[in-house]
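Colleague: There's a structure below that I have some questions on.
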Amino acid sequence: MDSGALYFVAILPPKSLSEEIQKIRYDFRDRYDSRHALKSPPHITLLSPFRAQSGAEKEIVKSLAEVTDSMYPFRIRLNNYASFPPRVIFIDVKRSNELGRIQEMLENKARIQSHVFNYNYDRRPFHPHLTIAFKDLSLENFQRSWDEFKNKVFEAEFMADRLTLLKHTGEIWQPVADIRLTK
């Protein structure tokens, strides 16, 4: 039985902003021994990792396009640092109606189309964010880094005009398809 590949759906910031965020992640790697966030490009997760059978990628993209066909591009605002103690530090994303709507539509689509998405998460509140460090950030380094970052300012904006499907290679998460917001 094919257990399938692991995927997730996200919004990726434009290249220049991604590079800026990646520098912060490298700083965490070098100063706080946290490298796990470097296994994926900077992103805002909209649909948590799920398994899909090999060969289902085209059907996944088609299902995602059914959602994006009804969506206009929208503005994303990044606003300072925040945390989920005791291990996660992230750049906070200002909530917006558009962001909440697209996340809810994607999650509903994944739950309804169980033949495409093996998506079985409990419903939980959506807290959009861009992860800087997590999982391998020790408790001591979390406290040290959070003491430094909790009052730092980070502000940026960009237009979200696409979703990205990412696939796990066994080592890292790699973008495999962009699905444009086309309305």
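All of the numbers you see were taken from the coordinates with simple rules; none came from a lab. On a predicted model such as this, the values are computed, not experimentally measured, just so you know. Virtual Cβ from ideal backbone geometry, glycine too; neighbours counted across all protein chains shown.
Colleague: How big is the shadow of the Cα convex hull of the chain, averaged over all directions, in nm²?
Modeller: Mean orientational projected area (the chain, Cα hull): 10.5 nm².
Colleague: Under 20 Å from the 7 Å Cα→Cβ point of VAL61, by amide nitrogen: which residues of the stretch 3-31?
Modeller: It comes to 4-13, nothing else.
Colleague: Normalising by the residue count of the stretch 51-183, find the relative contact order in percent from Cα pairs under 8 Å and 6+ residues apart.
Modeller: Reported as a whole number, the value is 38 percent.
Colleague: Could I ask something else about it? Could you work out how far the C-alpha centroid of the stretch 73-149 sits from that of the stretch 9-35, in angstrom?
Modeller: 15
Colleague: Add +1 for every Lys or Arg and -1 for every Asp or Glu among the other residues with Cβ under 10 Å from the Cβ of ASP69, and state the total. Intermediate results must be reported in sequence, preceding the final value.
Modeller: Values: positive: ARG180, LYS183; negative: GLU66.
Net charge around ASP69: +1.
Colleague: Let me ask something additional. Mind putting a number on the dipole of the stretch 1-117 about its Cα centre? Charges go on the C-beta only, +1 for Lys and Arg and -1 for Asp and Glu, and I need it in Debye to the nearest 20.
Modeller: 260
Colleague: Separate question: Tell me, what are the semi-axes, in whole angstrom and largest first, of the equivalent ellipsoid of the stretch 16-105 as set by the roots of 5 times the Cα gyration tensor eigenvalues?
Modeller: Working from the Cα gyration tensor, I get semi-axes of 28, 19, 12 Å.
Colleague: Considering only Cα-Cα distances, which of the following residue pairs are longer than 22 Å: LYS15/LYS94; LYS62/LYS109; LYS58/LYS109; LYS23/LYS58; LYS58/LYS135; LYS15/LYS167?
Modeller: In this structure, LYS23/LYS58; LYS58/LYS135 exceed 22 Å between Cα atoms.
Colleague: A follow-up question, please. Add +1 for every Lys or Arg and -1 for every Asp or Glu among the other residues with Cβ under 10 Å from the Cβ of TYR121, and state the total.
Modeller: +1
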